[in-house]
Amino acid sequence: MREIAKLVLVLGLICGISAGSLATVRTRLADRIEQQNDLFVRGPALELLLQQPANDILGHKLTIDTPEGSMVVFYSQESGTVCGLAIETIGKGGYGGDIAVMLGVNMESNKLLGLEIIKHQETPGIGSQIEKSAFRNQWLGLPAHGPIQLTNEGGTIDGISGATYSTKAVIQGSQKALSAYMNSKDQISDLIQQSDAADQTQLDS
Amino acid sequence: MLTPILVMSGVGTIAAVGLGIAAKVFHVDEDPRIQHVLDLLPGANCGGCGYAGCASCAEALVDGSAPANICVVGGLETASEIAGYLGLGDVNIEPEIAAPDCSGGNRASKKYIYSGFDDCRAAMQHYRGPVECDHGCIGLGTCVQACQFGAIKMGSEGLPIFNPERCVGCGECVRACPKGIISIISEKTKILHWNRYTECLSPCRQKCPAQINIPKYIRFIREGKYAEALLTIKERNPLPLVCGRVCPEPCALACRRSIGDEPVAINYLKRFVADWEMASGKHLPVPISHSTGKKVAIVGSGPGGLSAAYFLRRLGHEVEIFEQKPELGGMLRYGIPEYRLPKEILDWEIQGILDLGIKVTKNVEFGKDFTLELLKAEGFDTVILAVGAWAEHELKIEGADLEGVYSGINFLEKFQEETLPTAGKSVVVIGGGNTAMDAARSSLRLGSKKVTIVYRRSRDEMPANPAEIVAAEEENIEFAFLNAPNRILGESGKVTGLEVLSMKLGEPDKDGRRRPVVIEGSERVIECDTVIQAIGQFPDLKFNNEPMNLALKETRWHTIDAEEDTLQTNVPEVFTAGDCFTGPGLAVEAIAAGRYVARSVHYYMTEGEIPPIEGQQRDFIYGSLHDSIMGVNTTPKIHESVICLEDRLGTFKEVEGTIDEKDAQYESKRCLDCGVFCYTKEPIELKMEKAS
Amino acid sequence: MSRFLSVLLHGFWKDLPPFRLVLGLCPALAVTASANNGLGMGMSVTFVLIFSNLVISLLRNVIPNKVRIASYIVIIATLVVIVEMILQAYFFGLSQQLGIYIPLIVVNCIILGRAEAFASRNTPFLSAVDGLSIGLGFTMSLTVVGSIREMLGAGTWFGMSLASAEFEPFAFMIKAPGAFICLGLLLGLMNAFSHWRGENVIQK
Amino acid sequence: MDLVLLAISAIFVNNILLAQYLGNCPFCGVSKKLSTSLGMGAAVIFVATLASIFTWLVYYYLLEPLGLKYMQTLVFILIIASLVQFVEIFLKKFSKPLYNALGIYLPLITTNCAVMGIALLNIKHEFGFWEMVVFSISSAAGFTLAIILFASIRERLFISHVPSFMKGTAIALVTAGIMSLSFMGFSGMVN
């Protein structure tokens, strides 16, 4: 029994200390990791969608609550007015797993600014064609009220032959982002104003 | 902050509790040493040892079924750590390396021509008919592929060449070779090995009692590697200087070259390398195994005793020799005269053996000064009796007690001890053995004018070495064949003559020897003042009775009775070897017996029982009907330089000299490098002509 | 002092991983598609090795045998996660490239192997030196393998373009078969070299 | 996704050994004899499946709710190490021959990146429970398949004419490369 007690004590202690030190490092680095993640994963997509340097946009980050879970939204401002939104969603059912997409929306014209693929694990050469601009450009200029559908379902998007799962996941993801935008437009505007006000107070003080 | 710590500690605690309980519930009683040995092993799990993994190897090591050096990756360091931990001392730790068993080369055709009836059945019945070698190397180099250590190369002759520095003794090549001509041997196995029928044994190697690998050392001589040649001899024979001088060369009788030519002068070559070592002034180092802590007492320091001491010492045992006489050497010293074997050479050779770390106690007699009980009390595990055959048969004839009558050994011994005032003017030696020859030739050198050898059979039946008889004849010793001594005549207590009866040879007895029959009324007297009886010897076993009561069994020839296959007597810890077991024999036979008994004693002391030698070669393996050697030019045999007759008489100068290096090279090239069924056809280019 | 030197140097030739110690093959194969990745992986492993050796050596008399491996591996895992976080925070691109192979440093046999073979038997200082030596040797090997594969497979070195536009890279080299074959041939070359030097190498 | 396709993909297309480079140390170490590689393969299937189930449960029911995803590596390896040690104790009691044959490779399963890799991939691919089970078993089976094929080749390789400096691990790796090349041929099989 003593032996078991010793085992438990030593292993438990080592585990505890390990966890403690990990948690410490984690709290120190969490923010920076988040920033880096935004910069490297979302940055390039944001720059393309909103046509502004990533560092300017990354500060404008919101989280909105929708019936389908929380979503991350970035916005761009030009001389105080909000002109573009970038909504990130997860498209379920890709061949290699879920596909993270980002949809750009022009709040003034209610037209789509485009679509970017943030993360996917599709088969190289087949499913990965969703990254190609020829495919993605089909989103450009579409009306924001949707719906986004494949041509054979009455929509405007041409699917990629041989990559049905991947195409469907992307469409599903972008449709989700659109409905979130349509349903939470007001919520987004409120949030932007709040954060602007917060920024202002920070600047003033 | 607290959550992660609690979660991790929780998982850790559950894991530890689980493991702890599992260890208790599924506890297996295991020798704790297994784990330790496992830690000592390198953990390569390579399977080179033959076990399924390091864990099973460790188990085998602990239960003793595997030797400490089994791991081929760990090498000697690991082996000694394991041996040290398991308390094996350093037993069994010896590098083992692979060696080829086929000398290959430009071989003779494997079938031999049968020149009898043109009939297959007849040919088959005669000896074994045409035979094909089933040993020879095929030469495609599977062993080279099998070796993971790059230790084998294919030589230009299509035979594998082994690099001992790279070989780790893993045995993959042995397993790969379909012909079984590669063996893994250590120095120890070399000593413990005896010829087997399954091996490729050249005729000379089969005939040599000591089983020296003769073609191998001749090959080394040819290549100029004299040290290697000598060490090859010393694997089997610790007394090459002695044997190079006194051995009657049974091997040369079997030499295949003698079928169409003179045999190779094997002994001259042996003497050449032995003398080469002595001329260098230093004894070549021979490997000695790690100490086993076992002690052996050897009674007697003749060739048998010395050889047993040498091999047991090399096997790592502690050896002490007990000698009754003031000097070591037994018959070599007291029986062989100076002109055949100079004492300084014998001294040098014996010193080399003793320098291996053998203790010596001189001037002590077994049964009188020390007993078996005393030896046991002093911690000796075994005793080897190598007391020789010193007692002599004496003629029960009239006048045998007169002054001037000696026995042969007694005469030679007295001379050696320098207690013999002088030999007579005219000497008669009775007997036809080597002792008789030695006594006769020694008397001549002591100043006798006339020496006669009286022998009751003819010259052909004389048991002495033919070379000795020839030398005696050269020295003008008279031979009275077919004469039997009848009585010794004397005047005032001194010998004046020997009355002999003429004999004729009768019908052969059951041994095939024709018994001499007395011719009635043929008495004649040979005038002489000294009579030396040399009619036979037997072991002096008086220690067997009072006061020790050893109760050793004796045969009816008064030799010690022992198991023929082990040389163990009826007293388990007492072994025997040499003349006291076989009756008077050759020095080389005693040397062979010394190694044989060393093997038995080694196994007896380390393993408790002596394993039989499987398929031990006892009889000559007849390769085939072999009445000619084809494609071999005849070349004359080299002859040793012999000093002239004038120099021989009156002095004890050594009669025969050593051959020089050039002659040794020439002679070594005459060797055909035989296997059982093959020989090298015109093998070695004779670049160096004898005349040049 | 000589012991220190021998411990310091053995990782560069005598026990050079993964060639001499045939350990740590997975990262050597998986992340060496470019020299940069090889270097990054090597540095990460070196970091973990030094500290894991140090900590394990300090604790070597405290840890009971039954949980030895578990404890060692927890220590190693902690260090690896720290490295993973540092990489994410400061070398994000690299951390994405190395991906799943960073957490797999935990099970890199080199680290546990050194812990078992060296750190559990030696003083903390020597163990740390051993970690440094083996780690740098590993980094060196990985960088070399990475360089070869990158040059042949993509025509670049550390991302710099080396070849002219006509050069059609062997895409095969940066895929799995190329990794195996490249490593195998390098190992063969090393063996040839050590044979030539007369060393007796035993490859397990 | 169809479970059968997932299995085929894990065994052939994305073979954990030949395409994902995981588990190479035991691959080179134990694959000299067919018998040992069979034992190793079986042990890996067993440990990998068990470990995957444990780690999956711990991840989704403990770490994710508590927001401790970053502790994943630490917890997983602890679970795997304990599991392996448990299997070792168990085998020693109930199957001595297998224990002896696997020898020191049992602890090495701990450091077999295949086991850990499968556990991590389960999370990365966000598999459900049954997907996870199928993926784990088939990935480990892919490992076993590769190691058995490879051992068979190496048994022959042992007596073939190989330049001395390429002997052993060197030629083994090149052979593995060729095997990997042939496994690439499966890549069109599932889509």
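Counting only helices (runs of 4 or more DSSP H) wholly contained in region C:81-178, no element carries 3 or more residues that are open to solvent by 50 Å² or more (accessible area, probe 1.4 Å) and within 14 Å of another protein chain (Cβ to nearest Cβ).
Residues in region B:450-468 that are out of contact with any Gly (no Cβ under 9 Å at 6 or more places or on another chain), charged (D, E, K, R) and open to solvent by 30 Å² or more (accessible area, probe 1.4 Å): B:LYS450, B:ASP460. Taking region A:42-151 and the strands (runs of 3 or more DSSP E) fully enclosed by it, the elements with 2 or more residues that are within 24 Å of A:ASP196 (Cα to Cα) and not hydrophobic (A, V, I, L, M, F, W, C) are at A:61-66, A:69-78, A:81-94, A:97-106. Output the residue which, of all residues in region B:631-681 that are outside any helix (DSSP H, G or I) and among the hydroxyl-bearing types (Ser, Thr, Tyr), is most open to solvent (accessible area, probe 1.4 Å). Here the answer is B:THR634. Here region B:273-309 is the region considered, the condition is being open to solvent by less than 40 Å² (accessible area, probe 1.4 Å) and closer than 18 Å to B:THR606 by Cβ, and the residue that is farthest from the chain's Cα centre (by Cα) is B:THR292.
Quick grid of which residues meet (1) on the phi > 0 side of the Ramachandran plot; (2) of a type in the set (D, E, K, R); (3) free of Cβ contacts under 8 Å to residues at least 24 places away in the same chain:
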| residue | (1), (2), (3) |
| --- | --- |
| B:ALA265 | no, no, no |
| B:ASP275 | no, yes, no |
| B:MET278 | no, no, no |
| B:GLY281 | yes, no, yes |
| B:PHE322 | no, no, no |
| B:GLY335 | no, no, no |
| B:LYS343 | no, yes, yes |
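A quick yes/no check of all residues on (1) open to solvent by less than 50 Å² (accessible area, probe 1.4 Å); (2) in a helix (DSSP H, G or I):
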site	(1), (2)
B:ILE336	yes, no
B:TYR339	yes, no
B:ILE345	yes, yes
B:ILE353	yes, yes
B:GLY357	yes, no
B:LYS368	no, no
B:LEU374	no, yes
B:PHE380	yes, no
B:ILE384	yes, no
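Screening B:ARG515 on (1) in contact with a strand residue (DSSP E or B) (Cβ under 7 Å, 6 or more places away or on another chain); (2) charged (D, E, K, R); (3) open to solvent by less than 60 Å² (accessible area, probe 1.4 Å); (4) modelled with pLDDT under 85 shows it passes everything except condition (3). Selection of region B:543-576 for residues being within 21 Å of the chain's Cα centre (by Cα) and on the phi > 0 side of the Ramachandran plot yields only B:LEU567. Would you please list the contacts, defined by Cβ atoms under 8 Å and residues six or more apart or on different chains, that run from a residue in region B:657-682 that is more than 28 Å from B:PRO100 (Cβ to Cβ) to a residue that is in a loop (DSSP other than H, G, I, E, B) and aliphatic (A, V, I, L, M)? Within 8 Å, the pairs are B:GLY657/B:ILE643; B:ILE659/B:ALA265; B:ILE659/B:ILE638; B:LYS662/B:MET688; B:ASP663/B:ILE638. Of all residues in region A:148-169 being open to solvent by 40 Å² or more (accessible area, probe 1.4 Å) and under 24 Å from the mean Cα position of the chain (by Cα), which is nearest to A:GLU122 (Cα to Cα)? The qualifying residue nearest to A:GLU122 (Cα to Cα) is A:TYR165.
Picking from D:LEU74, D:LEU62, D:LEU106, which residue would you name as being touching a helix residue (DSSP H, G or I) at 6+ places or on another chain (Cβ under 7 Å), at pLDDT below 75 and either facing another protein chain (nearest Cβ under 7 Å) or open to solvent by less than 20 Å² (accessible area, probe 1.4 Å) (or both)?
D:LEU106
Counting the residues of region D:139-158 that are outside any helix (DSSP H, G or I) and at pLDDT 85 or above gives 0. If I filter region A:35-58 down to residues being free of Cβ contacts under 8 Å to residues at least 40 places away in the same chain and open to solvent by 90 Å² or more (accessible area, probe 1.4 Å), which single residue comes out as nearest to D:TYR70 (Cα to Cα)? Result: A:GLN35.
Under the condition of being of a type in the set (Lys, Arg) and more than 24 Å from B:GLU77 (Cβ to Cβ), the residues counted in region B:141-195 number 3.
Do we have D:ALA48 as assigned to a helix (DSSP H, G or I), surrounded by 24 or more Cβ atoms within 10 Å (Cβ to Cβ) and touching a Ser or Thr at 6+ places or on another chain (Cβ under 6 Å) here?
Yes: the conditions hold for D:ALA48.
Can you tell me which residue is surrounded by the fewest Cβ atoms within 10 Å (Cβ to Cβ) among those in region C:11-35 that are part of a helix (DSSP H, G or I) and out of contact with any Asp or Glu (no Cβ under 8 Å at 6 or more places or on another chain)? So the residue we want is C:PHE12. Take C:ASN53 and decide whether it is under 30 Å from B:GLY12 (Cα atoms), more than 9 Å from chain D (Cβ to nearest Cβ) and surrounded by fewer than 22 Cβ atoms within 10 Å (Cβ to Cβ). No.
Number of residues in region B:261-311 that are aromatic (Phe, Trp, Tyr) and outside the structural domain of B:CYS580 (by TED's automatic domain parsing): the value is 3. Looking only at residues in region B:570-605 that are more than 28 Å from B:VAL246 (Cβ to Cβ) and out of contact with any Pro (no Cβ under 7 Å at 6 or more places or on another chain), the one that is least open to solvent (accessible area, probe 1.4 Å) is B:VAL574. Checking each residue in region B:269-325 for being in contact with a helix residue (DSSP H, G or I) (Cβ under 6 Å, 6 or more places away or on another chain), charged (D, E, K, R) and not in a helix (DSSP H, G or I) picks out only B:LYS294. For region A:23-39, indicate whether the set of residues that are away from every other protein chain (no Cβ under 13 Å) and not in a strand (DSSP E or B) is non-empty. No.
The values are calculated or read from the model by the stated rules, or taken from the named source; none is laboratory data. Note that the coordinates shown come from a computational prediction; the quantities given were computed from them, not determined experimentally. For neighbour counting, all protein chains shown are included, and Cβ atoms are generated from backbone atoms with ideal geometry for every residue, glycine included. With ligands, DNA and RNA removed, areas are computed over all heavy atoms of the protein, side chains included. Shrake-Rupley method; radii C 1.70, N 1.55, O 1.52, S 1.80 Å.
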